[in-house]
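A quick write-up on the structure given underneath.
The values are calculated or read from the model by the stated rules, or taken from the named source; none is laboratory data. Remember, predicted model here, so these are calculated numbers, not experimental data. Methodologically, a virtual Cβ is constructed for each residue, glycine included, from the backbone with ideal geometry; neighbour enumeration extends over all protein chains shown. These area figures cover heavy atoms from the full protein model, side chains too; ligands, DNA and RNA do not enter into them. Shrake-Rupley method; radii C 1.70, N 1.55, O 1.52, S 1.80 Å.
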Amino acid sequence: MHSIARVGLAADLHAYADKHGAVTVGVAGAGQMGIDLLVQLKLMPGVRLGAVSTSRAAETEAALAYAGYAPEESARAERAGDVDAAIEAGRAAIVPDAALLCEAGRIDVVVDATGSPSFGTTLALKAFAAGKHVVMLNVEADIAVGRHLNAAAKRAGVVYTGAAGDEPHATIELIGLAQSLGLDIVCAGKGKNNPLDFNAVPADYEAEAARRNMNARMLVEFVDGSKTMVEMVAIANATGLVPDVPGMHGPNATADDLAQVLCPKEDGGILSRMGCVDYTIGRGVAPGVFCVVKGRHPRVTERIADLKVGPGPCFSLLRPFHLTSIEVPLSAIHAAVHRRPHMEPLDRPVAECVAVAKRDLAPGETLGRIGETQYRGFAMTWGEARAAGGLPLGLAEGARVTAPIKAGEKITYANAAPDESLEITRVRRELDAADEQFVGRVA
C-alpha cells in the first residue's frame, strides 16, 4: 500500500516525537476503559504506555498480553525510580499505587480512568504538583470540582483537560464549528445509547453486563440516566449552555426531527430559550452527539436547507459516533504537544448534577457508588441546585443520610452529610464558600 501523508494532529505528533520522543502516558485504573487504553497506546504511533496502576497486577499482566505486549515489555514496579527504569528500558510498568504515576519523572501525562470522583480529585492534584498534565476521563470528578483542578493546573504550568472520545468533547467540537461559522447555538447534547430506566439497579442488569463485558454497576450508571446528566452538566460548565428545565426534556426526537423539537417554542419546539443542553431518546442520534443551530441571515438559512441539512429555520449538526476510550489518547497528545486542553470548565459553573434518591433512604445509611441502588444523577441549573441545597453527585459516595429521604426526592445538605475526610469534599467546600462571597458581591 502506498504511503499516506500525515495530517492534522498526527503530523504534529510525528514532529514532536522526532524531537522529544514518544509522549509517555500513565494510566490510573485497569477496568474496562483502562484496558481499552492499554490497547490503544500499543497501536498508536508517537505515544506509549509508561505505567498503569492497578490493584490486580496479574490480571493487568494478562490484559497487557491481550493488548499485544510481549512478556518482556512490562515489569512490576514498587518505586518511582523503578518506573523510570522500566520506561527507559522500553517497558510498561505495573504499579500498585497511582501516586507513582505522578512521582515518576518519565511520565508526561496522567489519565484518570478510575471512575471515582474522590480518587480522581486527589490524583489530579498530586499530578499537577509533580508537573504532569492530566486527562480527566472521570467526568463525575470534573463536574464537582473541575474548575478548582483547572486553576491548580494553570498555577502549575500544566494542562488539565476533559477527554476526547466522550460525548462532552465530541459535542464541544460541533459547538466550536458552529461558533466559528457565526451560527447561533440553540441546543447541544447527545443521543442516549441505552434504554432509560430511572429506577435501574445492578441486579437487573448482571446478564446484559456480562454479555457486554461490562461491570453491572457501570452499566446501570448509563441506564438510570446518571451518566447522561453528568455529561450534559460537563458540557454546560464548559460552554455556558444550561438545562432548560430540571432533569432536561429528553424528548423522543429522531435524527430527522431533532432540530424541530429541541428548538425554541417560537420556532415550533419545546425549549423556553436558546442556549440549552439536552438529550434525546429518539432513533438515529445515538451513539452520536448533536448541536442544533440557527443562521443569522436568510441567505445562510437558504443555503443550509439547500444542502439537505434540514428544512430550517433550525438545523441539527450531527456527529453520528463517539469512540470513547479509543480517542482518549488524543487528549494526552494534545496536552503534551500543544499544551492546550481539549475541554476545560469555566471559572463559574452554570449547571449542577445533584443526587436524587432511587428508593426510600433511612437515617444512618451510608451512600454507595453511582450506579448502585440508592441514588442517581439529576441535572439542574447551578442556581436551582444552590437554592435546593442539592448534594453534588460527586460528593454522594460515602455520604451519610441524616434525615428520611423519599424515593424521587433530592439528596441535600439538609438530609445527608458528605464524607468530610475526602479531599473532594474539602475542595468543594472551598468552592462553595467562594461562590457565596461572589454571589454576595454581585447581589
In whole Hz, the Karplus estimates of ³J(HN,Hα) for region 209-223 (6.51, -1.76, 1.60; θ = phi - 60°; x where Gly or Pro) are 4, 5, 4, 9, 6, 10, 7, 4, 4, 5, 4, 5, 4, 7, 5
Inter-site label distance for Ala362 and Val309 at 7 Å from Cα along Cβ, in nm: 5.7
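How would you rank 53-60, 349-356, 369-376, 153-160, highest first, on the average number of other Cβ atoms within 10 Å across their residues? Don't jump to the answer; show the numbers that get you there.
Numbers: 53-60: 16.5, 349-356: 25.6, 369-376: 22.9, 153-160: 18.2.
The peptides rank, most packed first, as 349-356, 369-376, 153-160, 53-60.
Take the alpha-carbon positions of region 13-68, form their convex hull, and give its projected area averaged over all directions (one quarter of the hull surface) in nm².
With every direction weighted equally, the projected area is 3.6 nm².
Can you pull the Rg over Rh of region 327-403, Cα-only, Kirkwood?
Numbers: Rg = 16.8 Å, Rh = 14.8 Å.
When Rh is taken as the Kirkwood radius, the ratio is 1.14.
How much FRET efficiency would the formula 1/(1 + (r/R0)^6) give for Gln437 and Ala129, where r is the Cβ-Cβ distance and R0 is 25 Å, rounded to 0.05? Intermediate values should be presented prior to the final figure.
Details: r = 26 Å, r/R0 = 1.05.
The calculated FRET efficiency here is 0.45.
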Vicinal HN-Hα couplings computed from phi for region 30-35 (Karplus, 6.51 cos²θ - 1.76 cosθ + 1.60; Hz; Gly/Pro x): 10, x, 4, 5, x, 5
What FRET efficiency comes out for Ala417 versus Thr254 if R0 is 45 angstrom and r is the Cβ-Cβ distance? Round to the nearest 0.05. 0.55
How big is the gap, in Å, between the Cα center of region 145-182 and the Cα center of region 378-443? 24
Too long for a 23 Å Cα-Cα cut-off, among Lys42/Lys132; Lys126/Lys154; Lys192/Lys358; Lys19/Lys126; Lys19/Lys132, are Lys19/Lys126
Counting only protein heavy atoms and rolling a 1.4 Å probe, one gets per residue an accessible area for the chain in Å² of 42
For region 181-284, with equal point scatterers placed on the C-alpha atoms only and solvent neglected, what are the log10 I(q)/I(0) values from the Debye formula at q = 0.13 1/Å, to two decimals? -0.52
Long-range amide H partners of Tyr375, meaning residues 5 or more apart or on another chain whose placed amide H is closer than 5 Å, are Lys358
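If you take the beta carbon distance between Glu302 and Asp97 as r and set R0 to 45 Å, what does 1/(1 + (r/R0)^6) give as a FRET efficiency, to the nearest 0.05?
E(calc), rounded to 0.05, equals 0.15.
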Cα gyration tensor category, rounded, prolate or oblate, for region 26-102 with a/c compared to 1.5: rounded
How far is it, in nm, from the label point at Ile4 to the one at Ala388 when both lie 7 Å from their Cα along the line to the Cβ? 4.7
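Can you give me the orientation-averaged projected area of the convex hull built on the Cα atoms of the chain, in nm²? Don't skip to the end; give the middle numbers.
Working: hull surface 93.7 nm².
Approximately 23.4 nm², given one-decimal rounding.
Compute the signed sum of charges (Lys and Arg +1, Asp and Glu -1) over the other residues within less than 14 Å, Cβ to Cβ, of Leu37.
Values: positive: Lys42, Arg48; negative: Asp36, Asp112, Asp166, Glu327.
Residues near Leu37 contribute -2 overall.
Taking all protein chains in place and a 1.4 Å probe, what share, in percent, of the accessible surface of the chain do carbon and sulfur account for?
Numbers: 9860 of 18600 Å².
Reported share for carbon and sulfur atoms: 53 percent.
Can you tell me what the convex hull of the Cα atoms of region 55-190 projects to on average, as an area in nm²? Please report the intermediate quantities before stating the final value.
Working: hull surface 41.0 nm².
Averaged projected hull area, Cα only: 10.3 nm².
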Which stretch or stretches of region 344-367 have amide N atoms under 13 Å from the point lying 7 Å from Ala403's Cα along the Cα→Cβ direction? 363
